[in-house]
1. Quick one: Karplus J couplings for segment 78-92, per residue in order, coefficients 6.51, -1.76, 1.60, θ = phi - 60°, nearest Hz, x for Gly and Pro?
2. What does the convex hull of the Cα atoms of segment 1-93 come to per residue, in Å³, rounded to a whole number?
3. At a 1.4 Å probe radius, carbon and sulfur cover how many percent of the accessible area of segment 1-101?
4. Which semi-axis lengths, in whole Å and largest first, follow from the square roots of five times the eigenvalues of the Cα gyration tensor of segment 55-126?
5. May I ask you to evaluate 6.51 cos²θ - 1.76 cosθ + 1.60, the Karplus curve with θ = phi - 60°, for each residue of segment 111-116 and list the ³J(HN,Hα) values in order in whole Hz, giving x for glycine and proline?
6. What is the dipole size for segment 1-131, taken about its Cα centre, with +1 at each Lys and Arg Cβ and -1 at each Asp and Glu Cβ, in debye to the nearest 20?
7. Can you list the HN-Hα couplings for segment 99-107, worked out from phi with the Karplus curve (6.51, -1.76, 1.60; θ = phi - 60°), rounded to whole Hz and with x for Gly and Pro?
8. Find the centroid of the Cα atoms in segment 78-142 and in segment 1-77, then give the distance between the two in whole Å.
Amino acid sequence: MLDKSITEWFDEYSESHQNKTNKMIHWVCVPAILFSILGILAHFSALLTALIIVLTLVFYARLDLVLAVAMVALVAVMAWVIYLLPVGAGFYVGVFILAWIGQFYGHKVEGKKPSFFKDLQFLLIGPVWCMDAYLGKVYYLNGKLAKNWLFSAILNELIIFKLISSFSPIHPIKQQIKSKQSEHQVQYKFLRINC
């Protein structure tokens, strides 16, 4: 199941998500699908919902800890909104259907089949791919570092934590961390800005 790194998953997922319109549709519809699934499940079984959330977050944590933490925050906000909204399961079914219509329209524009036709695990990769794009866009606004010092500080800490956690505890060399940090920033600046 985890024979691929997060980069390999993203590279393969990105093959069928090159068109700007399709990517924009995905950035709206993928979170809407996640929200609707959580809403539908929460209306039937809180225990099943919690179990699926935990298993999904464990999958994300094994791929990338920083993105998993970001997904925890997103899922927590979604769960809170679901708890507050006075709507029935029919509302979430409607959101689910509309979001999938959007997804398939985006792939029609793209001219490529959805990635999950090849591997169902891509249904889990879609939300974390969107989160990665959001974090990249927020961190580098139009190629410039975000001006909000607090937000920048938090993101810097997350990036440093991600870099440190990617090294073996046997070789925690400062030079490697600095090199990886600048490499990571360049990656976000030049590769992720076009997502």
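1. Working through the residues one at a time gives 4, 4, 5, 5, 4, 4, 7, 5, x, 10, x, 4, x, 4, 5 Hz.
2. So the per-residue hull volume is 112 Å³.
3. The computed percentage sits at 75.
4. Equivalent ellipsoid semi-axes, largest first: 23, 22, 9 Å.
5. x, 10, 6, x, 4, 5
6. 300
7. 5, 5, 4, x, 4, 5, 5, x, 6
8. Answer, in whole Å: 8.
The values are calculated or read from the model by the stated rules, or taken from the named source; none is laboratory data. None of the values given here were measured: they were computed from a predicted structure. Positions of Cβ are backbone-derived with ideal geometry, glycine not excepted, and every protein chain shown enters the neighbour counts. Side chains included, ligands, DNA and RNA excluded: accessible areas come from the protein's heavy atoms. Shrake-Rupley method; radii C 1.70, N 1.55, O 1.52, S 1.80 Å.
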